[in-house]
């Protein structure tokens, strides 16, 4: 998109370039390079030549070949060769270094990946993205404290940019450090000012953290805000709908929300599971059986989905199948509290009054 836009600018087609950049932003969300290009064309600025020398031209060709080859998830040797040749011909080639880092991330060679991201200079428009990717690679390499320090340093360097703040919050959330993550989400939200559609994920992620630390009223408010910004977003519909179901509130609305999410993502086993679970809680047992059987087919090794199917089988009077499903759930290493609850069901059945109830967190499937 950027290269085509630059071509349009070079050929005195600024109106088309402006429309292209705006269309990209509307569809894919904001991107720093596209934002800079749009600002330039609006100000009638001069675009840098697509290539200034023969070496740069050759590097661009090699980069293009490497980019296409990198789409194949097989052998990374060829794309790496082409991309390394591109950086040899054009040492200051941030996009090539970013792609190399991404390839080695995919190979789980975290240190090598971080090394390529590190080659992106502070003057590049991709510098912030590169530093965030360094932090992600460090975290995956087990160096979470160093990753957090990297993001803190970046936030200090670019104090008006919310990206390092949200990246730090996301990293803490991924490590289940929910209490620590919440203030960073709040700070990022304060920095953006008037929230736009693309900021739904900030509120969604903060809602997850708040729910996990039993601050439900705040979590619900945050999730509803995410839905206001991006109506019909399937992840938000699923999480909020399942949360209401688990709490036994707003069941009819929860059913409609999760049904919508499942219609949008019919092959997502977690969302299909949520639909089956709300059907179960509404007493629609036969529907729930069919839905949860489909969820298990999509996610056969998930302990909670197997556990849910066992519960529904029990309520449908299929008690032998229910016990089989609970035993199957135990094979797939559930959380200790869930394992205790499942073992109780195996011993006493689902109707025993001393059963531990489902935890609110047991199947809130969210990335």
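The values are calculated or read from the model by the stated rules, or taken from the named source; none is laboratory data. Quick caveat: nothing in here was measured; it's all calculated off a predicted structure. Cβ placement follows ideal geometry from the backbone for every residue including glycine, while neighbour counts extend to all protein chains displayed.
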Residue hits (the range 331-353; in contact with a helix residue (DSSP H, G or I) (Cβ under 6 Å, 6 or more places away or on another chain) and closer than 19 Å to residue 295 by Cβ) are 332, 334, 342, 345, 350
Does at least one position in the range 68-75 carry a residue that is at pLDDT 85 or above and buried (at least 18 other Cβ atoms within 10 Å of the Cβ)? yes
Tell me the residue from 307, 302, 246 that is within 26 Å of residue 347 (Cα to Cα), at pLDDT below 95 and surrounded by 16 or more Cβ atoms within 10 Å (Cβ to Cβ), please. 246
Only one of (1) more than 21 Å from residue 70 (Cβ to Cβ); (2) under 19 Å from the mean Cα position of the chain (by Cα) is not met by residue 127, so which one is it? (2)
So, residue 138, is that one crowded, with 16+ Cβ neighbours inside 10 Å, closer than 27 Å to residue 219 by Cα and either free of Cβ contacts under 8 Å to residues at least 60 places away in the same chain or in the same structural domain as residue 37 (by TED's automatic domain parsing) (or both) or not? no
Of the numbered conditions (1) within 25 Å of residue 176 (Cα to Cα); (2) surrounded by fewer than 20 Cβ atoms within 10 Å (Cβ to Cβ); (3) touching a helix residue (DSSP H, G or I) at 6+ places or on another chain (Cβ under 8 Å), residue 84 satisfies every one except a single condition; which is it? (1)
Does the range 221-228 contain any residue that is within 15 Å of the chain's Cα centre (by Cα) and modelled with pLDDT of 95 or more? yes
